[in-house]
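The values are calculated or read from the model by the stated rules, or taken from the named source; none is laboratory data. In this text, all values refer to a predicted model and were calculated from it rather than measured experimentally. We place every Cβ from the backbone using ideal geometry, glycine too, and count neighbours over all the protein chains shown. In case anyone asks, the SASA skips ligands and DNA or RNA and just uses the protein heavy atoms, side chains included. Shrake-Rupley method; radii C 1.70, N 1.55, O 1.52, S 1.80 Å.
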Amino acid sequence: MADDIEEMAGPELEQVKIILNTLYLCIEYAVKHVAQHEGAQAASDLKASMLKALKSGDIDMALLENARTFDLVIPKIEQLPWDDPIAERHRR
């Protein structure tokens, strides 16, 4: 696989997009599962902890090496589409 996404050819780039989208949907599924089985607070804590670990490099230090990559990944996790009552309270 190419080191940089710009180096990838059409089919290879499409495959990477499918992989990334699948991983994102898996994260969304996991957060929803935690919310259903352990409660909204546990899901909110998971998401907050995951974002903190991502932003600090604890999950993958390579994320911090490229601002474009960081700016792509972090907002996607921040915008996970699930009903987070804790986050809603903080927005009001």
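The residues of the range 19-79 present an accessible area of 69 Å² per residue when probed at 1.4 Å with all protein chains retained. For the listed residue pairs Lys17/Lys52; Lys52/Lys76; Lys32/Lys55, the alpha carbons are over 20 angstrom apart in Lys17/Lys52; Lys32/Lys55. Could you compute the FRET efficiency for Asp45 and Gln15, with r as their C-beta to C-beta distance and R0 at 35 Å, rounded to 0.05? Efficiency at R0 = 35 Å is approximately 0.55.
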